[in-house]
Amino acid sequence: MPPRRRLNTFDAFTKTVEDARVRTTSGGVVTIVATVVIVLLIVSEWSDYRRIVNRPELIVDKTRGERMNINLNITFPEIPCEILTLDVMDVSGEQQTEITHGIIKTRLNDDGSVISTELLALHSSGDNAHHLDESYCGPCYGAVPKEEEGKRCCNTCDDVRNAYQEVGWAFGDGHGVEQCERENYPEKIKEMAHEGCNIAGTLSVNKVVGNFHFAPGKSYSSPNMHLHDLNIYETSAVRHTFTHNIHHLSFGPHHHTVRNPLDRTVKKTDERHFNYMYFIKVVSTRFERIGAAPLETNQYSVTSHERAIRGGRDDDHPNTMHARGGIPGVFFSYDISPMKVINREERSKSFGSFLIGVCAVVGGVLAVASVIDRGVWEADKALSRKKAV
Ligand SMILES: *[C@@H]1O[C@H](CO)[C@@H](O)[C@H](O)[C@H]1NC(C)=O
C-alpha cells in the first residue's frame, strides 16, 4: 500500500458518497437555526471570557514599620481656629502636638464663608518683636522652671504663652500680660470669637494604634498626662461648641470602591462641655488591577460615642489646664487590624477554557441539530409512505 493509503486507515470520519445524500428544506432550516445558536453561544462564551471578577482574599498582614496617611477635612463652625488644636499621638510614644505640617486651617465667618487660609503655624512671633530694643528682656511672669530663673526672656505674647505651656499653666486671653496687650492679643481673640474653623490636609502617622484629637487651647504634655489650656474656650462670652461636620476622613490613597463611613457626618451640640469619640478600625487593603500597578490603601469601620462632660475647671488647681471629667473635643482613636484584604481582579476564564467552551458549543449544537434533522426526515418519510398507501 502506498503511504497515503496507509494513513487513510486512521480516518475516524468516514464520508459517505455525495450521491447517497439528500438535501431537504427542513435540513436547511435546522442548519440555519443551529448556526445562529452557535454564534450566540460563542458570543456569550466570549463575553464570559472577557469578564473581570473580583476575588477578595484575606491574609495576615505581615508588613511592619509602615507609615500611613490620614486625610481629613473637618469643619467646626462654632470654634475659632485660634483656640483649636490638633494633636496626634500613638502607642509608640510619638506625639505630634499642634500639627503644622501638611494641614491647612481655614478661618470661617459665622455664615461659613472663608476669611483666610493659613498653614497651621499660627503665630509669626518673629514679626512682633522686631521693633523692640535689643536689650529688652520681657518678664515671663514666673512661668519659668527653677533652673532657668532670671535667664529667660519672654519678648512676645507667644513667648509668654509658650512659657506658660511648658510649666503647665493656663494662659487665657493675655489680659494683664504686657507683651500680649502690646500685640492686641486679647482684642484679636475677642474679634475671632464668632468665627468657625475648617481643618483639612494629610497627617502622616505610624501604622500603629493611636489617636488624633481636636481640643480647645494649647496642649501640654506631662509624662503621664495630656492636658489642654481650656481657659479661653470656657471664659469666652460667645459660646464655643464642638459641633462639627466631617466632610472627609480616609486612611491612605483614594480608591473608587472604598466607601468611607465617616464622610459627610454632621454632629451638633449646644453644650460647651461635650465630647465626641470615634473608634476606628483600619483594615489594610490592596487592590490588584489587571494592567495597572497595585494600590495599597485602607478601609475602616467606625463606632462612635458622645457624651456631655462635667464642665468647669478644677477648683483645687485653678492655674492648671485641667478639666474635670475629660476634655471637650472630638477624638479619633484608630486601631490597625491584623488582617489584610486583597482585592484581586482576574479574568473569570483562561483562554484555554474559552477555546474548550467554543468546541463544546460547536460540537454540541451540531450533534443536537443532526438528531433533530434526522427525526424530521424520518417523520417526513413515514408520513409520505402513509399517504402513498
Ligand atoms: C473640604 O470640604 C469642603 C466641603 O466638601 C470643600 O468645599 C473644601 O474644598 C474641602 N477642602 C479641602 C482642602 O479639600
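The values are calculated or read from the model by the stated rules, or taken from the named source; none is laboratory data. For clarity, every value in this text was computed on a predicted model and none was experimentally measured. Quick reminder, even Gly has a Cβ in these numbers, built from the backbone with ideal geometry, and neighbours come from all protein chains shown. Only protein heavy atoms, including side chains, enter the accessible area calculation; ligands, DNA and RNA are left aside. Shrake-Rupley method; radii C 1.70, N 1.55, O 1.52, S 1.80 Å.
Assorted remarks:
- By the helix-only formula, in which each DSSP H run with n ≥ 4 contributes -39500 (n - 2.57) and the sum is divided by residues, the chain has a 222 nm mean residue ellipticity of -8500 deg cm²/dmol.
- GNM flexibility winner over the chain from A200, A143, A360 (Cα, springs under 10 Å): A360
- Figure note: S26, S370 ranked by solvent-accessible area, largest first, 1.4 Å probe, ligands and nucleic acids not counted: S370, S26.
- Within the listed set H256, H213, H194, the residue fluctuating most in the Gaussian network model of the chain (springs between alpha-carbon atoms under 10 angstrom) is H256.
- Note on surface exposure: S204, S92, S337 rank S92, S204, S337 by accessible area, highest first, 1.4 Å probe.
- Hydrophobic long helices, here whole DSSP H runs in the chain with Kyte-Doolittle means of at least 1.0 and Cα atoms spread over 27 Å or more along the helix axis, are found at 25-50.
- For the residue pairs K268/K340; K62/K268; K190/K268; K62/K218; K105/K190; K105/K340, the alpha carbons lie more than 30 Å apart in K268/K340; K62/K268; K62/K218; K105/K340.
- Region 25-112: C-alpha pair distances exceeding 19 Å, %: 71 percent
- By a 1.4 Å probe calculation restricted to protein chains, T31 has an accessible surface near 80 Å², given to the nearest 10.
- The convex hull drawn around the Cα atoms of region 176-310, when projected onto a plane and averaged over every direction, covers 11.8 nm².
- The smallest convex shape that holds all Cα atoms of region 139-227, its convex hull, gives 145 Å³ per residue.
- With the largest listed first and rounded to whole Å, the semi-axes of the equivalent ellipsoid of the chain from the Cα gyration tensor are 81, 22, 18.
- Sorting R152, R55, R264 by accessible area puts them as R264, R55, R152; the probe is 1.4 Å, largest comes first, and only protein heavy atoms count.
- Alpha-carbon centroids, region 332-382 and region 176-207: separation in whole Å: 66 Å
- Cα Rg, Dmax (largest Cα-Cα span) when computed across region 200-277, Å: 15.7, 46
- Rolling a 1.4 Å probe over the heavy atoms of the protein chains gives the chain an accessible area of 58 Å² per residue.
- Pairwise Cα distances in region 1-63 exceed 12 Å for 83 percent of all pairs.
- Each label point was placed 7 Å from the Cα along the Cα-to-Cβ direction; for R289 and D380 their separation is 5.7 nm.
- If you take the Cα centroid of region 265-313 and the Cα centroid of region 80-94, the two points sit 16 Å apart.
- GNM result for the chain, Cα springs below 10 Å: residue of N198, N162, N184 fluctuating most strongly: N184
- Expressed as a whole percent, the accessible area of the chain that falls on carbon and sulfur atoms is 56 (1.4 Å probe).
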